[in-house]
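The values are calculated or read from the model by the stated rules, or taken from the named source; none is laboratory data. What you see is a predicted model, and the numbers here were worked out from it, not measured in a lab. Don't worry about glycine lacking a Cβ; one is built from the backbone with ideal geometry, like all the others, and counts go over all protein chains shown.
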């Protein structure tokens, strides 16, 4: 069986179900979707799509750091929006986190996100970069 290692940090929200914050496998990091949950308060943050996107990306940054990488190691993201009308505003915040070349990305409107939030994002990163 291939080697897999769970990555975990208290600087990001804990898994709220039977999954890991991230898994290191085969030279890659597969980070689970993050939502706008503040790990320091244990609460979902209030705010518009910009505030929620920033919190989500801060949470993902914490998971990346726990694995020893940063945003420049990210090669693929998946963005799930509650409403595609938030696309432009989400992009404004998203663009501040990722250096060029930008990662590949999929963005979809989801039927419903956890805790009725507006955005969830997951990432795949290359380890050892």
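What to note about this one:
- Any chance residue 108 is touching a strand residue (DSSP E or B) at 6+ places or on another chain (Cβ under 7 Å) and exposed (fewer than 15 other Cβ atoms within 10 Å of the Cβ): yes
- Taken residue by residue, the stretch 86-100 has no member that is out of contact with any helix residue (DSSP H, G or I) (no Cβ under 8 Å at 6 or more places or on another chain), under 19 Å from residue 30 (Cα atoms) and buried (at least 17 other Cβ atoms within 10 Å of the Cβ).
- Of the listed requirements (1) over 21 Å from residue 5 (Cβ atoms); (2) within 12 Å of the chain's Cα centre (by Cα); (3) surrounded by fewer than 18 Cβ atoms within 10 Å (Cβ to Cβ); (4) in contact (Cβ under 8 Å) with a residue 24 or more places away in the chain, residue 116 misses just one: (2).
- Residues in the stretch 84-110 that are farther than 14 Å from residue 74 by Cβ, free of Cβ contacts under 8 Å to residues at least 40 places away in the same chain and not in a loop (DSSP other than H, G, I, E, B): 9 in all.
- Scanning the stretch 1-42 for residues that are loosely packed, with under 11 Cβ neighbours inside 10 Å and in contact with a strand residue (DSSP E or B) (Cβ under 8 Å, 6 or more places away or on another chain) turns up 2, 3, 27.
- Residue 128 meets each of the listed conditions (1) closer than 22 Å to residue 24 by Cα; (2) surrounded by fewer than 17 Cβ atoms within 10 Å (Cβ to Cβ); (3) out of contact with any strand residue (DSSP E or B) (no Cβ under 9 Å at 6 or more places or on another chain); (4) at pLDDT 95 or above apart from (4).
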